Amino acid sequence: MRLDKYLSNMGYGSRKEVKVLLKSKAVEVNGEIVRDPKVHVKEHADHVSVGGEAVTYTEFIYLLMNKPQGVISATEDKYDKTVIDLLGEDEQHFEPFPVGRLDKDTEGFLLITNDGKLAHELLSPKKHVDKTYFAHVEGVVTEEDAEVFRKGVTLDDGYVTKPASLNILESAAMSKIELTITEGKFHQVKRMFESVGKHVVYLKRLSMGPLSLDPELELGEYRHLTEEELTSLKNRK
Ligand code: URA
């Protein structure tokens, strides 16, 4: 890879800014000052430093976002802002994408990465990755609903859902619940409640597999996964 692209990918600014950095003689490759942006470096073999600090090349980014309502979980959209629009330049140049979809009006846990293999595994129906949601539901949610969800509920298109775990936090005219599902059918949580005659008015994803929403993140904020979180995600059962 060209040195200017390498440094730009590692967050040292645009190609133009990197050129200035190179001119300032701040960059060394294998102990030699290099000023030519076209020089090729081997990402995992050459030793690159900037201002004496070693640069470790990373190919993938893994971000945890607290998705706000009103943005689309896609990489681009004709009409609305996407979750990618909420990222900074430093993250956008890795060309990440959201792992799965949350509805425009759903908030909460969203993993954003450019690691296609991991994303594919997390979304694979065979892997049964748990997703837990918190919801406000119009209508009195009952233990009978929990039983129906446990057994599998028939959606409007005839699909029977896999067993899901419903935890009723408050059963009232406006109920509060937590629901854990292992699939990701279109509008699944909302449609499961519609099937028992109830209506989700607020939906937030709390967790996915071993990872939970970070309470420190305000809506629209994101952070990189920690090494520990990434390991737990990759080694999940
Ligand atoms: N189920 C839904 O109905 N909507 C979401 O955004 C996620 C799960």
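The values are calculated or read from the model by the stated rules, or taken from the named source; none is laboratory data. All values derive from a computational prediction rather than experimental measurement. Cβ placement follows ideal geometry from the backbone for every residue including glycine, while neighbour counts extend to all protein chains displayed.
Points to keep in mind about this one:
- Filter result for Leu166 (in contact with a strand residue (DSSP E or B) (Cβ under 8 Å, 6 or more places away or on another chain) and closer than 20 Å to Val99 by Cα): no
- Scanning the range 162-210 for residues that are in contact (Cβ under 8 Å) with a residue 60 or more places away in the chain, among the aliphatic types (A, V, I, L, M) and buried (at least 18 other Cβ atoms within 10 Å of the Cβ) yields a total of 3.
- Some residue of the range 28-47 being assigned to a helix (DSSP H, G or I), at pLDDT 95 or above and either over 25 Å from Glu89 (Cα atoms) or not polar (S, T, N, Q) (or both): no
- Top-ranked residue of the range 65-104 - restricted to ones that are of a type in the set (A, V, I, L, M) and within 21 Å of Leu122 (Cα to Cα), ranked as surrounded by the fewest Cβ atoms within 10 Å (Cβ to Cβ): Ala74
- Gly108 of a type in the set (Gly, Ala, Ser), within 22 Å of Arg236 (Cα to Cα), assigned by TED's automatic domain parsing to the domain that holds Glu218 and not in a helix (DSSP H, G or I): yes
- Residues in the range 53-87 that are out of contact with any strand residue (DSSP E or B) (no Cβ under 8 Å at 6 or more places or on another chain) and part of a loop (DSSP other than H, G, I, E, B) were compared, and the one that is nearest to Ile33 (Cα to Cα) is Thr56.
- Looking only at residues in the range 118-133 that are modelled with pLDDT of 95 or more and among the charged types (D, E, K, R), the one that is nearest to Glu221 (Cα to Cα) is Lys131.
- Of the helices (runs of 4 or more DSSP H) entirely within the range 122-237, those holding at least 1 residues that are within 16 Å of the ligand (Cβ to nearest atom) and of a type outside the set (Phe, Trp, Tyr) occupy 143-151, 188-195.
- Pick from the range 16-64, criterion of a type in the set (Gly, Ala, Ser) and surrounded by fewer than 14 Cβ atoms within 10 Å (Cβ to Cβ), ranking: nearest to Arg2 (Cα to Cα): Ala45
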